[in-house]
1. Would you check which residues across region 186-213 are more than 22 Å from the chain's Cα centre (by Cα) and among the small types (Gly, Ala, Ser) and list them?
2. Among the helices (runs of 4 or more DSSP H) lying completely within region 270-344, list those that include at least 2 residues that are in contact (Cβ under 8 Å) with a residue 12 or more places away in the chain and assigned by TED's automatic domain parsing to the domain that holds Pro13.
3. How many residues, within region 1-53, are more than 30 Å from Gly264 (Cβ to Cβ) and part of a loop (DSSP other than H, G, I, E, B)?
4. Residues of region 107-127 being in contact (Cβ under 8 Å) with a residue 60 or more places away in the chain and either among the aromatic types (Phe, Trp, Tyr) or closer than 22 Å to Gln71 by Cα (or both), which ones?
5. Residue check: is Val260 modelled with pLDDT of 90 or more and surrounded by 18 or more Cβ atoms within 10 Å (Cβ to Cβ)?
6. Return a yes/no flag: does region 158-165 have any residue that is surrounded by 16 or more Cβ atoms within 10 Å (Cβ to Cβ), among the aliphatic types (A, V, I, L, M) and modelled with pLDDT of 95 or more.
7. Condition (residue is crowded, with 19+ Cβ neighbours inside 10 Å, among the basic types (Lys, Arg) and either outside the structural domain of Gly81 (by TED's automatic domain parsing) or over 28 Å from Ala335 (Cβ atoms) (or both)) applied to region 174-189: is it met by at least one residue?
8. Can you tell me how many residues in region 43-61 are surrounded by fewer than 22 Cβ atoms within 10 Å (Cβ to Cβ), hydrophobic (A, V, I, L, M, F, W, C) and farther than 22 Å from Ile348 by Cα?
Amino acid sequence: MKLLNYQVVFAKPPGVNGAPAEDNFRYESCEYPADPPPGHVLVQNLYLSVDPAQRCQMNESTGAEYLLPWQLGQAIPGLGGVGKVLSSNDDGFSTGDIVMSGFFEWPWKLYFTIEADKIMKVDERLVGKRLSLPISCLGLVGLTALFGITERSQLRSLPTDGSIRRTLVVSGAAGACGHIAGQIGRLEGADRVVGICGSDTKCQFLTTQAGFDAAINYRSEDVSARLAELCPDGVHSYFDNVGGPISDAVIAQMAPGGAVVLCGQISAYNTDAPYPPPLRPEVQRLVDERGIVRERFLVLEYQDRFADGVARLARWLAAGAIKVFETEEDGLENAGKAFCSMMSGGNIGKQIVKVSDA
């Protein structure tokens, strides 16, 4: 009996400055993989990650040396996922192993063959029955939040004598990285954590479930006025997921010597702009005059510490010190829909696609 397989391909580009739409993707049948050659394993896709950075891959030039552009008519390579080994031709993996992507290669297919050195075993003691955790808290998303806060926010360098209220602001705060970064900021010594997001529902989520002190709806509130009200000692650390006017408003409220953690710039992902996008001249002057640190941040700089980072995140998660939220879309055929929804702010927490049952 012929075994069926399916994939999602890149059907057409949205245009350099266009917003992605569902017709940029096409769901189709494809060949079931042959038995894996030496050094390869056959994987059944269980969970798929969709990420804002993938918007850059829809252009001919991604603007990032570590991301390759998608090819028209080809299965989307993907940035992350979790799967189950169906057969192995490598001594490091056995049938039934739960595995995750190593770095930036996880095909948008139901079944696929992959080189063994591009995947890692999932420690099922850490994730329990929640097999999606390696693409949310216990993967690059959680590690980005962890190292962004612990290595770049400078929260630990601020006075602890009560002379100031150490304040962390997070934009895109209800998203994958943002909601985790805010919680880690608290653990790293922030006295006040303020989130910026795009709906009242997300604001409520941040303050009632994710442990933020306050939240600002940038669609309905004056961000500058609310920041002045909520951050009387200024903003000491800013975890920036969005860039653009929102970040301009935050930087204007930053205290001298503050730090900007450049996690993402989603406001610019649909435009042909360098990463990170340059600030407006008047905002750059503020950065220079106040000695604000704003440097490009890439989590891959900390690869040698990933294992320790995952262990630390797992301890916090098990102890209830952090909570992780996900928005799940069912079915590989809906991966494009999930991507477009995420890019327009439709997710709370990490957007994932459940491809199949283990």
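1. The answer is Gly189, and nothing else.
2. On the way: elements: 281-290, 306-319, 335-343.
Here the list reads 335-343.
3. Residues flagged as more than 30 Å from Gly264 (Cβ to Cβ) and part of a loop (DSSP other than H, G, I, E, B) within region 1-53 amount to 13.
4. Pro107, Trp108, Lys109, Leu110, Tyr111, Phe112, Thr113, Ile114, Glu115
5. Here the answer is yes, as Val260 does meet what is asked.
6. No - not one qualifying residue is present in region 158-165.
7. Going residue by residue through region 174-189, those that are crowded, with 19+ Cβ neighbours inside 10 Å are 174-186.
Of the ones still in play, those that are also among the basic types (Lys, Arg) are 186.
With either outside the structural domain of Gly81 (by TED's automatic domain parsing) or over 28 Å from Ala335 (Cβ atoms) (or both) added as a condition, the list becomes 186.
Yes - at least one qualifying residue is present in region 174-189.
8. Residues in region 43-61 being surrounded by fewer than 22 Cβ atoms within 10 Å (Cβ to Cβ), hydrophobic (A, V, I, L, M, F, W, C) and farther than 22 Å from Ile348 by Cα: 0 in total.
The values are calculated or read from the model by the stated rules, or taken from the named source; none is laboratory data. Not measured: the values here are computed from a predicted model. In this analysis, Cβ positions are derived from the backbone assuming ideal geometry, glycine residues included, and neighbour counts consider all displayed protein chains.
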